[in-house]
Amino acid sequence: MKQKRIVIALLAAGMVMPLAAAAEWTVYGRAHLSADFLDDGADYSEFNISSNSSRLGFKGEREFRPNLTGMFQIEQEIFFDDAGTEFATRDTFAGLKGDWGMFRVGKFDTPFKRARGPANFFGDQLGDLRNVARTRTYGRFDERFRNSLHYRSPSIGGFVWDIQYSPERTDRTTTEGSDTDGVSTSIGFRQGGLNLALAYEKQFDGAEDPDGFRLAASYRVIPALNVGALYQVTESAAGDEGTVYGLGAQYRINPAMFLNAHYFMLDGDLDDTDASLYAIGLEYRVDSALRFYGNIGAVSNDDNSALTPWGAGRSAAPGGAAGETANGISLGMRYDF
């Protein structure tokens, strides 16, 4: 048995050394855990431990010649509170980049998904904007496309253009006559304290071909205050539209302490499917890689809505109760390495 281990170790070293010599590569990750008390307003009221989009990844790049650099990334989600982990579940790709922009192939977040960033002050936490912006009732647009081709332009006067296409968003192989392709695109603009993103996505399904439009922005009014807003309209495969809009802000109390708050409203075509998301939280940053936070969040549901403030990006995600107010308290730690 010991001899087998030595042979395996030597073989592994033999494979890794040429790669290390050929490219600069790193191992990185995120451990993001929280202790939560979650209450759906009806029958569920429990204490939970949640793993919140924790991840482990490998990435690297190599410059082949001036203005031509190869790159790769393999990333998977890690569930600290579960029995197992799938491989390469998150953004995984290979590509090229240079002064002309960046081109890659693989599986990764769409430009539409990334465009919510300026307005979301509770990413992967209780209170995440996605809890009302990504609902199956009015389409599900904050996703990763599989089998994707993606081009990102260089920054020109602060503007960056992204476009992504997938011939098969959900499976390994494009079947004959498949209608499950998709395209997602965005234009971003950054200058001074302004961060703006305008995005559009079309998901073909052979029927209604649902689509979505999103405008998100943030502006640093003063060095200590950053405000954000989002307006979004999405259409489901059944042709029903949902509109999401709202405001948020982050205030730096001192160099290490931040106060975050936001409010977003979902207004849907279907009767009694509206919902309102509220969240407020304090965040303490030891440095950019280690932070602790405490959040309070709630979703107020109409009679035919059963959303929660905790379902997006987290392993602890019990369902909501129609017509009730779901609320939670969360104490969390995020460590990036």
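Go through segment 255-264 residue by residue and turn each phi into a ³J(HN,Hα) via Karplus (6.51, -1.76, 1.60, θ = phi - 60°); whole Hz please, and just put x for glycine and proline.
Listing the rounded values in order: x, 10, 10, 10, 10, 10, 7, 7, 9, 9 Hz.
Mind giving me the FRET efficiency for Arg62 and Tyr284? R0 is 41 Å, r the Cβ-Cβ distance, nearest 0.05 is fine.
The calculated FRET efficiency here is 0.60.
Suppose R0 equals 25 Å; then what is the FRET efficiency for Ala237 and Asn304 from their Cβ-Cβ distance, rounded to the nearest 0.05?
Plugging the Cβ-Cβ distance into 1/(1 + (r/R0)^6) gives 0.90.
Over the heavy atoms of Leu282, what accessible area does a 1.4 Å probe trace out, to the nearest 10 Å²?
80 Å²
For Met265 paired with Trp161, estimate the spin-label separation in nm (one decimal), with each label point 7 Å from Cα along the Cα-to-Cβ line.
3.6 nm
Label point 7 Å out from Arg172 along Cα-to-Cβ: which residues of segment 86-114 have amide N under 14 Å?
Within reach of a label on Arg172, which here means backbone N under 14 Å from a point 7 Å along Cα→Cβ, segment 86-114 contributes 87.
Give the accessible area for Phe37 in Å² (nearest 10); use a 1.4 Å probe, count only protein heavy atoms, and leave out ligands, DNA and RNA.
Here the accessible area works out near 90 Å².
Please sort 261-268, 55-62, 218-225 by packing, taking for each peptide the average over its residues of neighbouring beta carbons within 10 angstrom, highest first.
Put in order of decreasing packing, that is 261-268, 55-62, 218-225.
Looking at the chain, how many pairs of lysines come closer than 18 Å at the Cα, when each pair is eight or more places apart or spans two chains?
The result is 5.
For the residue pair Tyr44 and Ser153, what label-to-label distance in nm results when each label sits 7 Å from Cα along the Cα-to-beta-carbon direction?
Taking the two extended label points, one gets 4.4 nm.
How large is ³J(HN,Hα) for each residue in segment 108-122, as worked out from phi by the Karplus curve 6.51 cos²θ - 1.76 cosθ + 1.60 (θ = phi - 60°), to whole Hz, x for Gly and Pro?
Using θ = phi - 60°, the values come out as 6, 4, 6, x, 4, 5, 5, 5, 6, x, x, 9, 9, 8, 10 Hz.
For the residue pair Arg252 and Asp99, what label-to-label distance in nm results when each label sits 7 Å from Cα along the Cα-to-beta-carbon direction?
The two pseudo-label positions are separated by 3.4 nm.
Could you derive backbone 3J(HN,Hα) for segment 205-217 from the dihedral phi with the Karplus parameters 6.51, -1.76 and 1.60 (θ = phi - 60°), listing whole Hz in sequence and x where the residue is Gly or Pro?
Using θ = phi - 60°, the values come out as 9, x, 10, 7, 6, x, 9, x, 10, 9, 10, 10, 8 Hz.
Near the amide H of Ala238, under 5 Å away, which other amide H atoms are found, from residues 5 or more places off or on another chain, if H is placed in the peptide plane?
none
Summarise the long-distance tail of P(r) for the chain by giving the % of C-alpha pairs beyond 31 Å.
Cα-Cα pairs of the chain separated by over 31 Å account for 39 percent.
So who's got an amide H within less than 5 Å of the one on Phe145, skipping anything under 5 residues away but keeping other chains? H placed 1.01 Å off N, in plane.
Those lying under 5 Å, H to H, from Phe145 are Phe108, Thr110.
The values are calculated or read from the model by the stated rules, or taken from the named source; none is laboratory data. Computed from a prediction, not measured in an experiment: that's the story for all the values here. Cβ: placed from backbone, ideal geometry, glycine included. Neighbour counts: every protein chain shown. With ligands, DNA and RNA removed, areas are computed over all heavy atoms of the protein, side chains included. Shrake-Rupley method; radii C 1.70, N 1.55, O 1.52, S 1.80 Å.
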